[in-house]
Every structure is written in structure tokens, then in C-alpha cells.
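Values quoted throughout were computed directly from the atomic coordinates according to the rules given, and no laboratory measurement underlies them. Note that this is a predicted model, so its numbers are computed, not measured. Note that each Cβ is placed from the backbone with ideal geometry, even for glycine, and that neighbours are counted across all protein chains shown.
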Amino acid sequence: MRIMHVWFHDCRSRAALWALGTATLFLGTLPLMGQDPSPVDHSEVRFELFGRSDVDRWPLAPQKGSGVVFDVGGDNVGQPEHNSADMENDSRPPWSPESAESPDVVPGRPVSMEQPSHGLDKLRRWVDWCDFGLVVRGYYLNDQRIAWSGVEDTFGAEGAFSPVLKRQCGPWLATVAGEFYLNEPFDRNILTDTPERASYLGNYRVDTFEISQLFLSVERDGFLFALGKLETPFGRTYFPLLTNARLDTPFIRTESIRWRETGVLLRYRPGLFVGDLALTNGGDDRDTNSSKALISRLGLEGDNWAVGASVKAQDGVGSEIEKEFNSHVGMDFMLRRGRFIFSGEVIYDEYGFRRPGFDPNRITWRKSIYYRDQNYRDGVPLTGVGYYLDLEYGGDCWFASANYGEFYPRPIGDPQHDVVNRRGIMKLAYQVAAGLSVYGACILETEGYIAQDGRPRRGIVGLVGLQYAL
């Protein structure tokens, strides 16, 4: 009877998710009904769903997103060939009414500020080129993997703001870049009636304001030096993200590889060759231990292809008995043909507590729901091998993505830890109007084994929402 009850509840959850996704897509197309089916010349406007991509931040990598760019100096100084704003959206800065009235201004294109324009007139004295990106999302999320927590089913809202400022200083190009998230937190009354539930509280304490990236860089003759919080140089990803929490990503990206590192980066890119060497805290934010991580990647990158090998080495993140391994070796690749991008990564991963004796139920930071936070032997890490393959299509108005990956942990005799995780991700989005999109995602992964609170794991996640990207 319990099996029938779980099956029936799971079917209801799946049906609700698909029904909500269908309704959202229908509502997203209502503004188009009764109008000219081709109100936009799609030969001039290509699909820019995701605004600034987390993984494609100039100057550390080519940019996918769109934003508002201003050439506030006389020359187009330092503007990258594939910068974050190909400027296909009709967007103007709200603080610049002069540009909105001028017949000579092309909306969303680089603007030469011939007339004073409020704050931009002051900005031009110190900056040659700037770019501002903005993303706002409203969404519904149903994550059955954490049904035991009480926070699996929720509506939410979030945003991101991404400024980039550039200045030519003699032979050096200086850049200041940031990426700031606005997140809606959970209510305070999260269920913590057992030690196990209480140990996951750190997963759901969301910072309303989050510094995703903030760094300064200088570059000259193929060399780039950056200091601050930036995208990890380990590996490369080429898929867009639908959430600030980055939950719509492969297992090795949600559980193993850090998205951000804080430290110093040296990059050398004379042509096709790209070499990265970084010294970082090892975690996303400021350090809680004096040891530092060494990260390196060597690769070859062309316009339509890329391949690289990466390594991250550190004795652990955290201090004393709380220290956890976070080292890995990996490879990545990408092939682009027309509107399609095929990419993937593979890693050998080291994780788990460095020393025995720490109770995982005492964890106050983010805790893995896959039982990775435990000790194997004193000074010996848990290990595993994982990979994923990703195929995405970006059309004039449609975007589609399919991703599949697996992670094979080395068995240690714990049936909850030793489960092989197989995760598939599907994403679909439609651009209703310039900058406005409706999107959905579905994640299916290994389920059925006994997990938190003694319940069988359910492996389905559904996400639908609206997004405006400037």
C-alpha cells in the first residue's frame, strides 16, 4: 500500500508540473494572438533569452548575453569581438531621455555621448566603455528530491545586475566587472524538527543580496591579470542558466566544481592557446582556512570549437575537523555548428571530510543531499568519476537544450552514498517579445533508494517562469 501511495503521489506531482508548464507556455503566447505573426524582423534579431550568462563573462571569456552598451569615450576602446552585448534588443537606459528622443540613435547599440546625459556625462571622464546587463525572473519551482524538507514547492522571484566598466590606460586595458544577484529568501519557519532536517538549514538560508562576481583586471599583449571574486577557471560550460541557484545544471557542476572562486588569476592567450593559473581560497567566498587552492587550465579555443584540461589541488576547504576535500582533475570540449552547440566535461573528483569524528548532522553550511559529507579514512578522500554531455539549439525565437550526465562514486559500503547518479535535463524557452521570454525546465534523475527522513528518493524537478533580460 505504501508503494501504491508513493506512486500515486508521484504521478499527481508529475501531472501538476506538466499541466503548469503547458499553461505557462500558453499564457506566454497570448500577447501574440490577433497580431501580425511576424511583428519583428527575425533576420535582424536573434534569440537572447538569458541575458548575461554566468559562464561567459568578459573579459575572462566570450559573452553570450545582452545588455546596454555605451561608448562613453571617443573610440570604441577595448570592446570585445564577442562581448556581452551584441545589442539585438531594443533597450535604452532609463536615465538617458536624450537618447530615446534622438532619431540618430539605434536602440541598444553603442552610443557616442555627444551631449551631456546626467550621470553618464560624469562617467565619460573616467570610463571609455561600459555595459549594463539586467535580468528579472518570476518562476514556479517544484523539486521532489527535497520533498522531506517542506520547501520543495514554491513560487519565487530573483534578478541579476551585471555592470562592466573599461578604461584604456596607455598600453593597458583596465576592467572593473561585477555580477550581483537579488534573491527572494524562504520564510523563517522552515521545518527543523529532527537533527537531520536541521543540518540542511544552510541550504535554504538564501542571501537577499549576493555578490556573484566582483573583480578588477588589466590586460596587455595577450596577458590578463585579475583579482577578486570571479568565475572558476576550472573547465568550461556553454549552456545557459535559468536560476541564480544554478540548480538546473549537471551533477558534477552542482556537487563537485565550484562556480566561483575568490583569488588571483593569470591568463595568457596569444592566439588559439589559452593558459590559466589561479591561486584562490578554494571556496566561493572569503576563506575560513589559511590554505589556498591552486587551479590551472590549459586549452585550445577557436571560434567554433574548444578543448581543455584542468586541475584543482588543495588539502581542503574549512578548518580542523570540519575540513572537506575539494580537488579534481578534468577535461572539457565544445563544438559549434550553425545554431547548435555540443559540449561536455568529465572529472575525477575528491571530496568528503578530511578527518573522522565530525557528525554530518552538525553541519551549518550547505550540505549535499547525496551523502557526500562524510569521512572515508583519516586523510583519505572519497572519490568518484563523473561526466555530462550537452546539446543546445538557439533559434530566432526558440531555445532548446538537452543534457545527460552520470556520476560514479567509489563504493564505501554506504548504500545512500554508493548510488550512481544519472541526471537528464531538458530546457525549453520561447521569446515572446524583445527581452521577454517564457521558459521551462525538467530534471529527471536516479530515484527509488531510501534517502532523507527514511523516505524513497524522488528524482523529478520542474521549473517554469517568465524572464525579462536587458
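Working note: Cα gyration tensor of the range 158-204, eigenvalues times five, square-rooted, sorted largest first, giving semi-axes of 43, 13, 4 Å. Our Cα-only numbers for the range 187-230 put the radius of gyration and Dmax at 19.3, 59 Å. Along the axis of the charge dipole computed for the range 300-360 (Cβ charges of +1 for Lys and Arg, -1 for Asp and Glu, origin at the Cα centre), the listed residues PRO356, VAL329, GLY302 are led at the positive end by GLY302.
Summing Lys and Arg as +1 and Asp and Glu as -1 over all other residues whose Cβ lies under 13 Å from the Cβ of ASP453 gives a net charge of +2. Computing FRET efficiency as 1/(1 + (r/R0)^6) for ASP303 and ASP221, where r is the C-beta to C-beta distance and R0 is 25 Å, gives about 0.75. Ranked by the mean number of other Cβ atoms within 10 Å per residue, highest first, peptides 237-249, 408-420, 124-136 order as 237-249, 124-136, 408-420. Amide H contacts of TRP172: none lie under 5 Å away among residues 5 or more positions distant or on a separate chain (H built 1.01 Å from N in the peptide plane; Pro and chain starts excluded).
For the range 195-337, the average shadow cast by the Cα convex hull is 10.2 nm², which is a quarter of the hull's surface.
Extension gain for THR364-ARG337 works out to 5.2 nm (0.36 nm per residue, less the C-alpha to C-alpha distance).
If only the Cβ of Lys and Arg carry +1 and only the Cβ of Asp and Glu carry -1, the dipole of the range 267-424 around its Cα centre is close to 100 debye. Model label points for LEU391 and ARG455, set 7 angstrom from Cα along the Cα-to-Cβ axis, are 3.5 nm apart. For the pair SER319 and ALA157, label points projected 7 Å from Cα toward Cβ lie 4.0 nm apart. Going from the fewest other Cβ atoms within 10 Å to the most, the residues LYS122, LYS166 appear in the order LYS122, LYS166.
Farthest toward the positive end of the dipole of the range 413-470, out of GLY448, VAL419, SER437, is the Cα of SER437, where the dipole comes from beta carbon charges about the Cα centre. In this simple spin-label model, placing a label point 7 Å from the Cα along the Cα-to-Cβ direction at both GLU184 and ALA433 gives a separation of 2.2 nm. Across every pair of non-identical alpha carbons in the range 222-261, the mean reciprocal distance, once inverted, gives a Kirkwood radius of 11.7 Å. Going from the fewest other Cβ atoms within 10 Å to the most, the residues GLU196, GLU219, GLU345 appear in the order GLU196, GLU219, GLU345.
Past 23 Å, Cα to Cα: identify those pairs from LYS166/LYS292; LYS312/LYS367; LYS166/LYS229; LYS229/LYS312; LYS312/LYS427; LYS323/LYS367, in the order given. From the list (LYS166/LYS292; LYS312/LYS367; LYS166/LYS229; LYS229/LYS312; LYS312/LYS427; LYS323/LYS367), the Cα-Cα distance tops 23 Å for LYS166/LYS292; LYS312/LYS427. Here the relative contact order of the range 321-430, from alpha carbon pairs under 8 Å that lie six or more residues apart, stands at 23 percent. Of the residues TRP259, TRP172, the one with the fewest other Cβ atoms within 10 Å heads the list, and the complete ranking is TRP172, TRP259.
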